[in-house]
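K.L.:
Take a look at this one; I'll ask things after.
A short reminder: the numbers here are calculations on the coordinates, not readings from a lab. Note that the structure is a prediction, hence the values are computed from the model and not measured. Here the Cβ positions follow ideal geometry from the backbone for every residue, glycine too, while neighbour counts run over all protein chains shown.
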Amino acid sequence: MNPQFEDTLAECLEAITQGQRTVDQCLALYPQWARRLEPLLRVAVALGEAYVAEPSPAHEPEARERFLAAARARQALALGPRRPLLAIPWPPRLPGPALRPALAALALVVLVFVSFSSFTLATAGDALPGDWRYPVKRLTERARLTFVFGEDARRSFRIGLAEERLQEVEGLVSRGKGISEPVLRELADNTGSLVEQLDPASLPQDQIERIGELTAKQQEVLDQVEPLVEEEAVDELEEALVVSSEGHERAVQALALARSEEEPPEEALALTTPEAGTPTAEADAGASPTAQAEPDESPTAEASSTPEQDVGIGASPTPAPELTPVPGEPTPEPPLPTATPSAPERQVVFLPDDTAAGITWSLMTIGDFSLRVPADGEGDWVVSNLTGNGGERVFIGHRWSIRFDAAVVIRVSTGKASVHVLVGGTVQRVPADELRSLVPGPITDVIFHVLESINAGP
Amino acid sequence: MDLPSPPQGLAEDEERQIVDCARSGDVQALGQLYELYFPRVYRYVHARTGSVAEAEDVTEEIFLRMLTAIGDFQWRRVPFAAWLFRIARNYVISHVRKNGVRRNEAPLPEFIADTAPDPVALVEIKLSFEEALQAARGLSHAQREVIWLRFAVGLSVSDTARVLGKREGNVKVLQHKAIANLQKLLASAESEREPEDKRIRDEPAV
């Protein structure tokens, strides 16, 4: 699933539903997605038309009259005299001597109840859904949260709760118990609310990392639980997987962004191009990729000096990755870079002749900056624009199954790039010359094509 | 060819005023709400049950429930439409659990062959209600829920998410998957019909 496409489809359907646009107007507005959008929009329109239904002519006035009669009756009741629901004498009267043994028995019952409750509270921590102590466990969690103060501490506590929910699913799996709808819904809801808060500007790095690890682990666990998922919970399983996948994607982007921002020294940046750092309108407008890509300045040669670093650990807090959809306004010609870098215009133009590395390509220009990115139809590749302390970045990630296995982040202001791959379950920054040994050839070819195209113009 | 627009009728503040009056028991305001929402609630129930008689009964019951609950409605939680369709959804689910879905006596017709030359393009696709009902059966429950609220009722993605207790992003994903699945179902039904149509065409006229 491509979030940008989801958003565009949803926006078009909303506009059509509200009568603000026709299908054809939507297609004209998003020419780069027109082929994918058209059949979906037409099916949706046909579906909406098919659902138009009216009750039988005699029914509607009769039903309306019955409804209004009920409303009038309710109004009449509401206006009638009111009496107190309970008349409690105050001060309460103490029981007489005859009732004192009963009072003592009641006190004993209360004592036994309190003792039992203490035992339940002490042992409820390892309870699983379906266990009679489980509601006590959840109640205790809520009570503990009430006494956690400070935004960071509360968020950390919530991450812990999401981790606990995942451990419960694992516990159910290890005991061969069925996974029910509420269990999966709870898991998805907890994760979703954490992902929504995924804001590196205020989130400590270790919490982003924990969310990234949590979502990765969730996907592993959820992939294996299907046989135990109850029939009516299949949709919740799918939803939980979607939430985990999206959450992991955002966490990886946030970590990659943070890591790429904390590399101020020139030599620490993985890859640069000849024009990197000094994009000018004159140079870009007339340049060709072959003219700029000198052998001794190839990405591989430069990248060999880059130390390997773990993207997920120790980066300084940075603003949230703002996942801005890349609008593809129709443009007959590839645009020339603008001369006003303070207000960069962003455009994406499909390049039908470029089939490098076996995929289709588009040219993205942001003011003076340009690079080639996998075209929208390349479902395995995700292209996002991220905004952080160091300005705008372009994130290009390859999705392998339900997670990213390779990504490149390019800083728009300088054209410098860093490459990140999934190694041993964590996302790590690597020199480009190690890329071929870590991910399959075609993926590496795509990343190199991106790197070679940075500020190389159309 | 556009999606049928939901009854827009009122601006947000006008609706707010009516709802506030209805909360205090104003019969006229309640009547206005009924008129405003009856077609959408009816369409929703009809899409879910597939039966006119059932849709009429259930819709009436939903409005009676709305009457009972409207005093507790609070703006800060959800918009009125989302609140009402939560009631509608809960009631239909409980109704179906208790009574089961009355299946149509006659078997549902197969998909009508699209006359467009390219079935994938679906340029002039037309679906009858029965075809839409049958197609929805090929979707997952969550996808069907989204389709009913988005295309039978015309709720926004945001309100649909509130009714279903999901995030907007999930609703968008489910919406996309549902329509893509419907597209495949239609194309597959079309391709199944093609050989039969061809055979009929090739047979000599008697």
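K.L.:
Binning at 5 Å from 0, report for segment B:8-103 what percent of all alpha-carbon pair distances ends up in each bin.
P.N.:
For segment B:8-103, the pair-distance distribution reads 2, 13, 25, 24, 17, 11, 6, 2, 0.
K.L.:
Using the Karplus curve 6.51 cos²θ - 1.76 cosθ + 1.60 with θ = phi - 60°, what ³J(HN,Hα) values do you get for each residue of segment A:446-451, in whole Hz, with x for Gly and Pro?
P.N.:
5, 5, 5, 5, 4, 4
K.L.:
When only C-alpha pairs under 8 Å and at least 6 residues apart count, what is the relative contact order of segment B:8-103, in percent?
P.N.:
27 percent
K.L.:
How would you order A:240-249, A:47-56, B:11-20 from highest to lowest mean count of nearby Cβ atoms within 10 Å?
P.N.:
A:240-249, A:47-56, B:11-20
K.L.:
State to the nearest 20 debye the size of the charge dipole of segment A:122-257 about its Cα centre, where the only charges are +1 on K and R beta carbons and -1 on D and E beta carbons.
P.N.:
That gives a dipole near 760 debye.
K.L.:
Okay, next question. Could you derive backbone 3J(HN,Hα) for segment A:39-44 from the dihedral phi with the Karplus parameters 6.51, -1.76 and 1.60 (θ = phi - 60°), listing whole Hz in sequence and x where the residue is Gly or Pro?
P.N.:
With the stated coefficients, segment A:39-44 comes to x, 5, 5, 5, 5, 4 Hz.
K.L.:
Points 7 angstrom from Cα along the Cβ direction at residue A:149 and residue B:140: gap in nanometres?
P.N.:
4.4 nm
K.L.:
Using amide H atoms built in the peptide plane, which far-off residues or other-chain residues are under 5 Å from residue A:19 H to H?
P.N.:
none
K.L.:
Per residue of A:70-76, count partner chain C-beta atoms within 10 Å of its C-beta, then hand back the mean as an integer.
P.N.:
Mean inter-chain Cβ contacts per residue within 10 Å come to 6.
K.L.:
Grab the other residues whose beta carbon is less than 14 angstrom from that of residue A:74, score K and R as +1, D and E as -1, and report the net. Don't skip to the answer; put the middle values down first.
P.N.:
Working: positive: A:66, A:72, B:23, B:65; negative: B:26, B:72.
Taking every Cβ under 14 Å from that of residue A:74, the sum is +2.
K.L.:
Going by amide H atoms built from the backbone, whose H comes under 5 Å of the H on residue A:229, apart from near neighbours?
P.N.:
Amide H neighbours of residue A:229: A:179.
K.L.:
Work out the P(r) tail for segment A:122-257: percent of alpha carbon pairs separated by more than 25 Å, whole number.
P.N.:
27 percent
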